[in-house]
Each structure stands twice: as C-alpha cells, then as structure tokens.
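For reference, the structure is listed below as structure tokens.
The values are calculated or read from the model by the stated rules, or taken from the named source; none is laboratory data. All of these numbers come straight from a predicted model, not from anything done at the bench. Note that each Cβ is placed from the backbone with ideal geometry, even for glycine, and that neighbours are counted across all protein chains shown. The protein model used for the area step is the full one, side chains on, heavy atoms only, and it has no ligands, DNA or RNA in it. Shrake-Rupley method; radii C 1.70, N 1.55, O 1.52, S 1.80 Å.
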Amino acid sequence: MAKTVGLPVAIAAKLILSGEIKSTGVKIPTSKDIYIPVLKELADNGINFIEPTLKKFPLLKILVSNFSLENESLNNFDLL
C-alpha cells in the first residue's frame, strides 16, 4: 500500500518540476493532463489499475440482474 500512496505523489512532483504538468494551483487528479501521465508511469513501475466490468464476469451479471433495481444499495452503483 505504501507504494500506491507515495509513488503517485512523487511522480506528480517530478512531472510538475519537469514541466510536463503545467496546471497551477490546487488540483484534484481527475483531469486527464494529470492522471494519464501518472498512471502511465505507475504502470512502468509495475502498478497497474484494472477496473473489472460485468462483461468479464458473466456470472456476476446474472446474479446482479436477479436483484431488483429498486433496492437502494444497488442504485448507488452503475452495475448494468
């Protein structure tokens, strides 16, 4: 877990100092000019983020489809 906390900060600092990130001010890392280069360098360091989808897990899709979408706990997620 320490690598997933420390490396993104160190990478962002390096990108700011090298001029690759030109944004100024306080930013959250949700803009593509920040998170794309950080994720690329994290992958170069062996840390990959993979978001599973229901297409990859057909059994999960069947289980989820059996629940009513009126169920409040499922309305908070985009599962289908």
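Within segment 22-44, can you find the residues that are in a loop (DSSP other than H, G, I, E, B) and either open to solvent by less than 60 Å² (accessible area, probe 1.4 Å) or not hydroxyl-bearing (Ser, Thr, Tyr) (or both)?
Lys22, Ser23, Gly25, Val26, Lys27, Ile28, Pro29, Ser31
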Item to complete: Report, by residue number, each residue of segment 15-60 that is farther than 21 Å from Ala2 by Cβ, touching a helix residue (DSSP H, G or I) at 6+ places or on another chain (Cβ under 8 Å), of a type outside the set (Asp, Glu) and modelled with pLDDT of 85 or more.
Response: Ile21, Lys22, Ser23, Ile34, Pro37
Fill in: Scope segment 45-55; condition under 16 Å from the mean Cα position of the chain (by Cα) and open to solvent by 90 Å² or more (accessible area, probe 1.4 Å); matching residues
Asn48, Phe49, Ile50, Glu51
Worksheet item: Pairs under 8 Å by beta carbon, first residue among the charged types (D, E, K, R) in segment 4-33, partner open to solvent by less than 70 Å² (accessible area, probe 1.4 Å) and assigned to a helix (DSSP H, G or I), six or more apart or different chains?
Response: Glu20/Pro37; Lys27/Ile34
Discussion item. I'd like to check something: does segment 63-73 contain any residue that is touching a Ser or Thr at 6+ places or on another chain (Cβ under 9 Å), open to solvent by less than 70 Å² (accessible area, probe 1.4 Å) and at pLDDT below 90?
Written reply: no
Discussion item. So, in segment 1-21, how many residues would count as being among the hydrophobic types (A, V, I, L, M, F, W, C) and either open to solvent by 70 Å² or more (accessible area, probe 1.4 Å) or not in a helix (DSSP H, G or I) (or both)?
Written reply: 7
